[in-house]
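Below is one structure, written out as structure tokens; the observations come after it.
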Amino acid sequence: MSVRLISFQYLPRGLDGWGSGLLLFGDLFTAVQGANGTGKTPIMKGIMQALGHEVELPPDVLRRCESAQVNLTVEGRPITLTRRLGDNFDIELVDGGEKRSFHSQSAYAKWFVSLFSSEPRTLTNKQNQESELYANVLFPALWVDQDYGWTSDYWTPSNRNFIQDQREEVIRFLVGMPPRHPFRSRVEFDEAKDSLQRIERLIDLQRFALDKLRSSDLNVSEEPRLLERREELRRELTANGEAIEAFRSSTSVFDREIGAIEMQRDELRNHQSALLKRKGQLTLVLSELDGEEEILTANVQATDLLRQFCGLEGCQMFATSERSFGRSLLFLKDQIKDLQASNRDLSQQSQAIGEKLKALDESLNAKRNERAKTIKASPQAEVSAKLELLTKELVDIELKIARLQQYSAESQRFEKLLNEREQKIAAVAAARLKGTKGASSGDARRMLSDAMQEWLMTLKTKNTKTAFFDDDFVLYVDGSKFAPTTHQSGSTRTRIVLAFHAALLEVSLALGGNHPGWLLFDAPKQHELDQKDFDSYTDRLQLVAGKYPGRVQVVFSVADLKTQFQPGDEVWEPPFTIEGEHRFLGSLGK
């Protein structure tokens with residue numbers, strides 16, 4: 001998406017406040033030119049403030065300026081951002097007829113990131129909590145602060161370095177790669193793992209069921225033959241339908257009688273089973289009562305022995321206990337007698353049922369024998385054996401086909417579970433709290449390394465030989481990690497920082513990433529380069545801009561501009577004179 005910087009201005013606070021007037025950005029280059037002390041840095045920082053960054057402004061600017069305002073176009077659509085200066089975050093957005101206000105970095109970040117990426121990016125902070133990709137986290141990769149920005153390729157204060165591997169996450173976003181540490185809630189991750197474990201258990205059970213089916217002499221390939229044979233048997237049995245009906249007619253009387261006897265036998269068996277169950281329960285109760293009787297008898301005997309200790313004739317010391325034990329013992333014996341009588345009745349009833357069952361079995365065998373004789377004497381006896389064999393074979397085939405169909409259904413379910421497991425594995429990977437480096441980062445790292453080398457050569461960096469990015473997108477120069485404490489100093493360090501930002505811009509554009517195409521350098525005199533080297537740098541930026549029309553804008557501050565600009569570029573010079581000194585900020589009334 002093309003997002004272009006159109007204009008910037010400070011708006012005064014009251015009638016005596018300071019403003020800057022409307023400053024138009026160039027098509028490619030914009031130079032903020034002025035001697036030291038004219039206020040170039042407040043202008044550069046004001047642009048960043050209006051865009052949503054957190055930079056510190058001089059007290060005079062905060063006291064005399066009401067707000068910083070920047071005008072943009074997004075795919076040609078005009079947008080105005082007005083940042084009220086002060087302690088609170090307060091940006092007003094005007095997009096056509098729509099007005100919105102942002103009062104937090106989080107809310108603003110959602111809108112700002114959406115300008116360059118259609119997918120919101122939620123990352124993990126160093127406390128393993130959810131965090132937005134804030135604008136003030138992105139800007140250090142687009143803007144170089146004059147005090148600290150030239151010491152490192154990505155500098156941010158410690159209180160704003162709160163995202164896990166923040167520098168790498170910013171680079172990944174700008175070049176269009178997935179995040180290293182996307183935030184996933186612990187609940188979501190645990191639920192995904194539990195769901196995967198449930199699927200694994202179901203797969204184990206299903207595999208066991210399939211193995212059991214396979215172990216029963218199951219041959220999947222024979223199903224077509226079995227289906228064909230089943231149809232043959234059905235046709236043959238249908239063809240012998242008259243013989244079967246004759247059998248049924250000749251044996252129907254016997255079948256009804258045999259069925260009636262079997263039903264009567266089943267009822268008696270159920271009754272006998274219930275009697276035996278009751279008898280068993282009764283036996284258990286009698287056993288327990290026998291134990292109670294022994295205890296009471298022992299207590300009565302003990303009372304007789306204890307009475308001897310009294311030593312008096314007619315001693316009543318244990319009379320109460322003796323009467324209690326005696327009454328209980330008599331009651332218990334009466335209970336046992338009643339239960340024993342019931343037990344005998346149950347035994348007699350069970351014995352009588354047994355005799356009836358024996359008679360029924362004899363009657364059943366007699367009826368079956370009569371049936372067999374009738375069948376043997378019938379005209380259809382010759383096909384009886386054949387029909388019996390055919391029927392038995394059909395039943396066996398039906399059972400085999402049923403097992404094969406069950407195996408097929410279980411196999412399909414097993415395949416479905418395997419597919420679900422793959423989905424669950426993917427869900428666990430997506431919900432994992434830690435991201436992975438992934439092989440897809442290789443091309444981006446190689447391109448960044450190559451571009452870094454080329455930009456260092458463009459800037460004629462004499463004191464470095466090699467530069468590359470490792471798996472974590474950490475920049476190494478001459479084999480050492482580039483950091484504020486490494487040996488590079490002066491113009492060499494400046495060249496490395498310039499090369500890094502240009503390489504990141506170029507690779508992001510080449511990969512269709514999310515870089516807005518802006519480079520903003522606040523460069524005081526001590527950081528300026530030899531004019532030829534700086535011209536080589538801007539010439540190559542022009543080539544990149546020509547390759548990606550409308551995508552690159554470079555803003556830098558300079559004390560003495562010698563670079564030859566093209567038509568459409570802009571140079572901002574201090575428009576105010578205060579006490580004989582040129583200034584970028586002043587009273588608009590004057």
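Taking the condition in contact with a strand residue (DSSP E or B) (Cβ under 9 Å, 6 or more places away or on another chain), closer than 28 Å to LYS532 by Cβ and modelled with pLDDT under 90, does ASP569 pass? Walk me through it before giving the result.
Numbers: in contact with a strand residue (DSSP E or B) (Cβ under 9 Å, 6 or more places away or on another chain): yes; closer than 28 Å to LYS532 by Cβ: yes; modelled with pLDDT under 90: no.
Answer is no for this residue.
Restricting attention to segment 132-186, and to residues there that are part of a loop (DSSP other than H, G, I, E, B) and small (Gly, Ala, Ser), which single residue is surrounded by the most Cβ atoms within 10 Å (Cβ to Cβ)? By that ranking, first place goes to SER152.
With respect to the stated conditions, ASP145 is acidic (Asp, Glu), assigned by TED's automatic domain parsing to the domain that holds ALA499, in contact (Cβ under 8 Å) with a residue 12 or more places away in the chain and within 22 Å of PHE89 (Cβ to Cβ).
GLU422 meets each of the listed conditions (1) among the acidic types (Asp, Glu); (2) farther than 30 Å from PRO178 by Cβ; (3) at pLDDT 85 or above apart from (2). If you check THR30, THR38, THR82 for being hydroxyl-bearing (Ser, Thr, Tyr), modelled with pLDDT of 95 or more and out of contact with any Ser or Thr (no Cβ under 8 Å at 6 or more places or on another chain), only one passes: THR30. Condition check for LYS460 on (1) of a type in the set (D, E, K, R); (2) within 43 Å of the chain's Cα centre (by Cα); (3) on the phi > 0 side of the Ramachandran plot: one failure, at (2). Of the residues making up segment 494-529, those that are without any contact (Cβ under 8 Å) to a residue 60 or more places away in the chain and in the same structural domain as LEU561 (by TED's automatic domain parsing) are GLN526, GLU528. Residues satisfying the criterion are absent from segment 192-203 (criterion: modelled with pLDDT under 75 and part of a helix (DSSP H, G or I)).
On the basis of being part of a strand (DSSP E or B) and modelled with pLDDT of 90 or more, does LEU93 make the cut? Against the criterion (part of a strand (DSSP E or B) and modelled with pLDDT of 90 or more), LEU93 qualifies.
Looking only at residues in segment 540-563 that are closer than 15 Å to ARG495 by Cα and part of a helix (DSSP H, G or I), the one that is nearest to the chain's Cα centre (by Cα) is LEU541.
When you look at SER536, is it hydroxyl-bearing (Ser, Thr, Tyr) and surrounded by fewer than 20 Cβ atoms within 10 Å (Cβ to Cβ), yes or no? Let's see the steps before the verdict.
On the way: hydroxyl-bearing (Ser, Thr, Tyr): yes; surrounded by fewer than 20 Cβ atoms within 10 Å (Cβ to Cβ): yes.
It is true that SER536 is hydroxyl-bearing (Ser, Thr, Tyr) and surrounded by fewer than 20 Cβ atoms within 10 Å (Cβ to Cβ).
This table checks each residue for (1) modelled with pLDDT of 95 or more; (2) in contact with a His (Cβ under 8 Å, 6 or more places away or on another chain); (3) in a loop (DSSP other than H, G, I, E, B); (4) not assigned by TED's automatic domain parsing to the domain that holds TYR10.
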site	(1), (2), (3), (4)
GLN488	no, no, yes, yes
THR492	no, no, no, yes
PHE565	no, no, yes, no
HIS582	no, no, no, no
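Of the residues making up segment 40-90, those that are touching a Gly at 6+ places or on another chain (Cβ under 8 Å) and not in a strand (DSSP E or B) are LYS40, LEU57, VAL61, LEU62, ARG64.
The values are calculated or read from the model by the stated rules, or taken from the named source; none is laboratory data. Predicted model, so just to flag it, every value in this text is computed and none were measured. Reconstructed Cβ throughout: ideal geometry from the backbone, glycine too, with neighbour counts over all protein chains shown.
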